Amino acid sequence: MDLSMMDFVKMLPFFMQTDAADIGLAGAVDTIIEEVYSKIILFTTWDKIDVLSSDELDELAEELHISWYDKTSAIDIRRSIIKESDLVHAKLGTNWAAKQVINKYFGEGEIVDWYTYGGEPGHFKIQTLNQSILKEKYEQFMCILDKVKRKSAQMDSIELIMDGLIEIKTYLATTNSELMTTYVRR
């Protein structure tokens with residue numbers, strides 16, 4: 001019997017279906033593809049951050065090594081922290097990174113470098129509208145700030161700025177004790 005190459009190719013699927021080695025190989029490939037697919041699904045976590053549960057967010061933050069992540073914060077803040085974690089990691093130790101994290105957790109705030117207020121080199125102060133930083137959230141604020149600021153930077157004070165006739169209260173950073181109160185028009 002003389003088979004042409006074309007006839008052989010047409011009959012090949014029949015031979016492959018009955019060959020034990022081919023059946024075993026196909027089964028192994030199917031298993032591997034299922035495993036790879038299950039791992040690829042994990043990559044879509046970034047697409048699902050807005051629907052992840054609290055526990056899933058906490059686990060993801062741990063996997064991403066987000067040292068400034070606070071499990072006690074509101075879930076929308078935690079989602080935002082995770083979404084921006086790569087940017088903050090890339091600029092960790094800069095005023096930008098510290099400001100991003102401070103603003104996510106505590107609302108509006110500014111970092112004022114030493115040269116703008118006549119402080120010592122390497123020092124800074126924080127200006128904020130958020131009174132809770134100086135009250136119930138002080139310890140949390142200081143802990144988070146320490147994780148994102150430059151390690152050599154020293155905070156001199158926290159200034160509380162209030163709207164209207166602005167009352168600026170300056171607090172000594174290390175003791176949380178009030179140094180002075182200044183009123184300024186905004």
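The values are calculated or read from the model by the stated rules, or taken from the named source; none is laboratory data. It should be emphasised that the depicted structure is a prediction, and the values quoted were computed from it without experimental measurement. Neighbour counts run over all protein chains shown; Cβ positions are idealised from the backbone, glycine included. The accessibility values were calculated without ligands, DNA or RNA, using every heavy atom of the protein model including side chains. Shrake-Rupley method; radii C 1.70, N 1.55, O 1.52, S 1.80 Å.
Computed quantities for the displayed model
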read-out: Separation of alpha-carbon centers, segment 99-157 and segment 29-97, rounded to whole Å; value: 25
read-out: Spin-label model distance (nm) - Val36 vs Tyr138, 7 Å beyond Cα toward Cβ; value: 5.8
read-out: Cut-off 17 Å, label 7 Å out along Cα→Cβ of Gln154, residues of segment 89-129 by amide N; value: 112-126
read-out: Computed Rg/Rh of segment 11-104, alpha carbon atoms with Kirkwood Rh; value: 1.34
read-out: Segment 142-154 - phi-based ³J(HN,Hα) in whole Hz, Karplus 6.51/-1.76/1.60, Gly and Pro as x; value: 5, 5, 5, 4, 4, 7, 10, 7, 5, 4, 7, 6, 10
read-out: Estimated inter-spin distance, Thr94 and Ser67, nm [label 7 Å along Cα→Cβ]; value: 1.8
read-out: Partner lysines for Lys39 [C-alpha distance under 18 Å; skip if fewer than 8 residues away on the same chain]; value: Lys48
read-out: Average accessible area per residue (Å²) across segment 71-160 - probe 1.4 Å, nucleic acids and ligands excluded; value: 51
read-out: Solvent-accessible area, 1.4 Å probe, carbon plus sulfur percent, for segment 25-133; value: 57
read-out: Label-to-label distance, nm, for residues given as Glu59 and Asp22 (7 Å Cα→Cβ offset); value: 4.2
